[in-house]
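Structure, as structure tokens:
We did not get these values from a lab; they are worked out from the coordinates using the rules stated. None of these values were measured; they are calculated from a predicted model. A quick note on method: Cβ atoms are made from the backbone with ideal geometry, for glycine too, and the neighbour counts reach across all protein chains shown.
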Amino acid sequence: MNSYLKFWGTRGSCSVSGAEYVRFGGNTCTLEMRYEGMALIFDAGTGIRALGEELLDQKIKHIHLFLSHAHWDHLIGLPFFSPIYQPEVHITVWSPPNIGRSYKELISDLLAPEFFPVRLEQVKANLSFKTLHQNTPLTLGNVTLNVHHTNHPGLTYCFKVQTPEKTFSYITDNEMLQGYHGPFNQVPTNIAESCQSMIQFLKNCDLIIHEAQYTEEEYRHKVGWGHSSVLNAAYLIEQTKTPIWFVTHHDPSHTDADLVALEIEIQHLFHQHHIPCRAQWISDGFLWPID
């Protein structure tokens with residue numbers, strides 16, 4: 001298989017370990033995309049460490065790393081990403097625009113002597129830092145990538161990626177219908193209007209990868225934290241008419257049993273309301289073919 005998506009980390013907020021997390025895994029978010037010989041990576045959570053070892057084994061020399069934002073769980077794996085220590089490797093780091101400090105400065109802070117034994121200036125790979133802008137598509141070969149801001153503290157991007165075969169979107173941190181606690185099919189117009197821009201952005205996808213970090217009860221206590229309840233995320237999926245929904249960025253407190261229960265709940269909900277969407281909670285290591 002030459003073109004695929006592979007999930008190297010599907011946990012949100014904080015990595016976890018233990019017997020109750022074996023099925024879905026405990027690494028924070030990292031998604032790999034391979035297409036026509038290109039290696040594209042979305043986020044640098046703890047899952048990027050193992051991915052780096054595989055890229056070295058395969059002698060991959062050119063890498064595009066897309067960062068949705070700079071929160072710890074999406075950046076903490078970068079110091080352990082082996083390709084950054086190889087002088088023959090070229091890595092382009094794509095990120096949202098600067099807010100206060102550049103992403104190069106933020107990564108330099110991550111590698112400060114108080115936190116890590118290697119400085120950014122000691123990294124041997126050829127690193128270049130570039131900025132992504134909304135309404136400005138990026139083209140890499142036959143891949144076109146667009147971004148849209150999400151509802152999350154700080155400027156955070158989601159990604160829409162198009163190839164001649166498939167279109168998918170990757171959204172790990174987004175609070176849909178902020179403050180809403182009612183049925184997913186009875187959303188008031190004024191609340192629904194607040195997310196129409198993102199709904200339009202995400203239409204016509206073969207696959208949407210979107211978080212559903214909180215249960216309905218949990219969300220009542222975490223409004224404004226930047227993450228969706230399961231039902232509010234389901235509203236987005238129903239509105240975009242996507243045929244496949246992969247759920248990632250699982251809450252660190254949710255065990256394997258919790259995640260299975262949430263998946264069954266949403267599958268039942270979609271069946272009950274005749275929504276033709278395959279909903280699946282994704283585990284570390286899951287692979288989805290593009291071609």
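Summing Lys and Arg as +1 and Asp and Glu as -1 over all other residues whose Cβ lies under 13 Å from the Cβ of ALA44 gives a net charge of -2. Based on the Stokes-Einstein relation at 20 °C and a viscosity of 1.002 mPa s, and on the Kirkwood radius from alpha carbon pairs, region 145-265 is assigned a translational diffusion coefficient of 147 µm²/s. Could you tell me how many degrees, from 0 to 90 and to the nearest 10, lie between the Cα long axis of helix 230-240 and the main elongation axis, the longest principal axis, of the Cα atoms of the chain? So the inclination is approximately 90 degrees. Cβ crowding within 10 Å ranks ASP73, ASP258 as ASP258, ASP73, fewest other Cβ atoms first. Sorted from longest to shortest, the spans of the Cα atoms of the chain along the three principal axes equal 55, 41, 38 Å. Which distance in Å, rounded to a whole number, links the C-alpha centroids of region 208-253 and region 50-72? A separation of 26 Å, based on Cα centres. Rounded to whole numbers, the Karplus 3J(HN,Hα) couplings from phi for region 67-72 are 9, 6, 5, 9, 5, 3 Hz, using 6.51 cos²θ - 1.76 cosθ + 1.60 with θ = phi - 60°, and x at Gly and Pro.
GNM, the chain, Cα, under 10 Å: largest mean-square fluctuation among GLY18, GLY154, GLY77? Looking only at GLY18, GLY154, GLY77, the largest GNM fluctuation is found for GLY18. Listed from fewest to most Cβ neighbours within 10 Å, the set HIS273, HIS71, HIS250, HIS149 follows the order HIS273, HIS149, HIS71, HIS250.
In order along region 279-285, the phi-based Karplus estimate (6.51 cos²θ - 1.76 cosθ + 1.60, θ = phi - 60°) of 3J(HN,Hα) comes to 9, 9, 7, 9, 10, 4, x Hz; Gly and Pro are listed as x.
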